[in-house]
Amino acid sequence: MSRSGFVALAGRPNVGKSTLVNAVVGQKVAIVSDRPQTTRRAIRGVLSSGDCQMVLVDLPGVQRPRDALTERMAGRVQQELDGSDAVLLILNGQDGVGPGDRLIARALAHAPAPVTVAVNKVDRLGRGATAAVLQQAAELEVGEAIFPVSARTGAGMGALVEHLAAQMPRGPFMFEHGASTDQPREVLLAELVREAVIRRTFREVPHAVEVVIEEIERPRAGLTRIRALIWVESASQKGILIGAGGRMIKAIGIAARRELERELACQVHLDLSVRVRRDWRADDGLLDRLGIN
């Protein structure tokens, strides 16, 4: 009989959850950056191997809510944790275990699903530092097993995946064999554009940006035209995104088009525009329409 289930990924912002999901799935289903709050939705990456299917849920980093957007992100984290068959707590080995990790570990101590701990980014640590952070992870007293891994290089990932697969309950596959994510194509494409913005902006701008795909056309084989709208919350942020002489928006467009062409496996013509929508992060109706709930 086949086995299938959900693995919820918990952890502070910027511990490498999205990179780990991409590594397990074997393709990019979640955008990656070193900015906190990059992940806003619960993104599911699907791994089907033999008679087992694991659905990894890349959750927003656990943090204190500050507006309607981050309140929804926090609510989604708890909802996904409650409905999971296994929980993977991810720690940043470079940073060591901090107060935020301890807070999350205490919250997971009574989780109904079994908890596993992954200490990520050990490729950037020496042997002594790795041993020290593994000891810190053990002192959290949460989880059935601790795995040192590098989602970036793949080190230790095989053993971690095998351990998680063994925790999946018996049952039919929830996604077709070969599926990699449940994200609508438009959402994934919008996220790739947002990733290009996030990697080139600083301070408040990355957090104030949302991207909506307005139109996708395929005028002929091998060519896709995409029109995307970038929302910001102030005129000054719009000016930053456009840049002097339009240089910033051009750089964003070049980077985004490269990722879109990799995803779609065809030539892409990308049309970007920037619009101010004040306080969109506090607009519940808009967040509903964006699917951030």
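The values are calculated or read from the model by the stated rules, or taken from the named source; none is laboratory data. Note that the coordinates shown come from a computational prediction; the quantities given were computed from them, not determined experimentally. All Cβ positions, even for glycine, are placed from backbone atoms using ideal geometry, and neighbour counts span all protein chains on display. Just so you know, the surface numbers come from the protein's heavy atoms only, side chains and all, with ligands and any DNA or RNA stripped out. Shrake-Rupley method; radii C 1.70, N 1.55, O 1.52, S 1.80 Å.
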Quiz item: Out of curiosity, is Ile240 assigned to a helix (DSSP H, G or I), open to solvent by 80 Å² or more (accessible area, probe 1.4 Å) and among the hydrophobic types (A, V, I, L, M, F, W, C)?
Solution: yes
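Residue by residue, here is whether (1) more than 21 Å from Arg102 (Cβ to Cβ); (2) in contact with a Gly (Cβ under 8 Å, 6 or more places away or on another chain); (3) modelled with pLDDT of 95 or more holds:
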{"position": "Phe6", "(1), (2), (3)": "yes, yes, yes"}
{"position": "Ala10", "(1), (2), (3)": "no, no, no"}
{"position": "Val25", "(1), (2), (3)": "yes, yes, yes"}
{"position": "Lys28", "(1), (2), (3)": "yes, no, no"}
{"position": "Gly50", "(1), (2), (3)": "yes, no, no"}
{"position": "Asp58", "(1), (2), (3)": "yes, yes, no"}
{"position": "Pro65", "(1), (2), (3)": "no, no, no"}
Self-check item: Positions within the range 162-211 being in contact with a strand residue (DSSP E or B) (Cβ under 9 Å, 6 or more places away or on another chain), without any contact (Cβ under 8 Å) to a residue 60 or more places away in the chain and open to solvent by less than 60 Å² (accessible area, probe 1.4 Å), in sequence order
Solution: His163, Ala190, Val197, Val205, Val209, Val211
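Results for (1) part of a strand (DSSP E or B); (2) surrounded by 19 or more Cβ atoms within 10 Å (Cβ to Cβ); (3) in contact with a strand residue (DSSP E or B) (Cβ under 9 Å, 6 or more places away or on another chain); (4) at negative phi, shown as yes or no for each residue.
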{"residue": "Glu214", "(1), (2), (3), (4)": "yes, no, yes, yes"}
{"residue": "Arg218", "(1), (2), (3), (4)": "yes, no, yes, yes"}
{"residue": "Ile226", "(1), (2), (3), (4)": "yes, yes, yes, yes"}
{"residue": "Ala256", "(1), (2), (3), (4)": "no, yes, yes, yes"}
{"residue": "Glu263", "(1), (2), (3), (4)": "no, no, no, yes"}
{"residue": "His269", "(1), (2), (3), (4)": "yes, no, yes, yes"}
{"residue": "Asp288", "(1), (2), (3), (4)": "no, no, no, yes"}
Quiz item: Given the structure, is Asp283 open to solvent by 10 Å² or more (accessible area, probe 1.4 Å), of a type in the set (D, E, K, R) and farther than 25 Å from Lys28 by Cα?
Solution: yes
Quiz item: Quick one: in the range 104-135, which of the residues that are part of a helix (DSSP H, G or I) and more than 19 Å from Leu20 (Cβ to Cβ) is most open to solvent (accessible area, probe 1.4 Å)?
Solution: Arg127
